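Taken together, the values in this text are just the output of simple stated rules run on the coordinates, not laboratory data. Treat the numbers as computed from the prediction; the structure is a model and nothing was measured.
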Amino acid sequence: MASPVERRAQLTRTTKETLVRIAINVDGSGQADIRVPVGFFRHMLELFARHSLIDLTVEAQGDTHVDPHHTVEDVGICLGLALREALGKKEGVVRYGDCRLPMEECLISAAVDLGGRPYFVYRGPRFSAEKIGDFPSELVVDFWHAVATHVPCNLHIWVHYGRNSHHLAEGVFKAVARAIRQAVALDPREQGIPSTKGVL
């Protein structure tokens, strides 16, 4: 099923702490142009684009001299808002997506419902490393919480097991990307909104 309209969005968010510009094309090929001041986070966003097949452009500046939290969280807010705008009424989408993804010694599951209500669950062990490069590992959870709240969608992430913090973070981003890729796909049999309510 071809998309009836271009599922694209772009927006800018400015606060006293950050400036974020983002553009997405849901029906892209996974191209990424990421300019953020946190190296490991840039790597994660590139992985997200590649595995979701969403074209993603992000330019972010923030008070990273304090710490990267505001910048990472605000990019998450903007990604959620951009997905919300690009998906519109969500006509014809599959709506649900899930992925169980192995990443070396780690196993991660992610499930998403684009049902229009925010709910976020993360289950798993604490990251063994406080930082992955220049990226505080706890921000993996904060980033996806911000995305889920602003789409809004249900997003459940379960880290079954794992040891290496880099692998755990990478597995989470890839699993969520693959779940979102399924959920935003257009179903050729779906003629309207995939809900008995008639709205998502």
Separation between Cα centres of region 25-42 and region 182-200, rounded to whole Å: 27
Span-like helix ranges in the chain, DSSP H, alpha carbon extent 24 angstrom or more, Kyte mean at least 0.5: 69-87
Rounded to 5, percent antiparallel among DSSP beta bridges of region 90-200: 80
Region 53-170 - Rg over Rh from alpha carbon coordinates, Kirkwood radius: 0.98
Rounded to 5, percent antiparallel among DSSP beta bridges of the chain: 80
DSSP beta bridges in region 20-112 [antiparallel fraction, %, rounded to 5]: 75
Estimated 222 nm signal from helices in the chain, with DSSP H stretches of n ≥ 4 weighted -39500 (n - 2.57), rounded to 500: -11000 deg cm²/dmol
Region 122-200: radius of gyration over Cα atoms, expressed as a fraction of 2.2 N^0.38 Å: 1.36
Reciprocal mean inverse distance between Cα atoms of the chain - Kirkwood radius, Å: 16.8
Relative contact order %, the chain, counting alpha carbon pairs below 8 Å whose residues are six or more apart: 26
Residues whose placed amide H lies under 5 Å from that of Gln31, excluding near-sequence neighbours: Asp55, Leu56
Largest to smallest principal axis extent of the C-alpha atoms in region 7-103, angstrom: 43, 33, 20
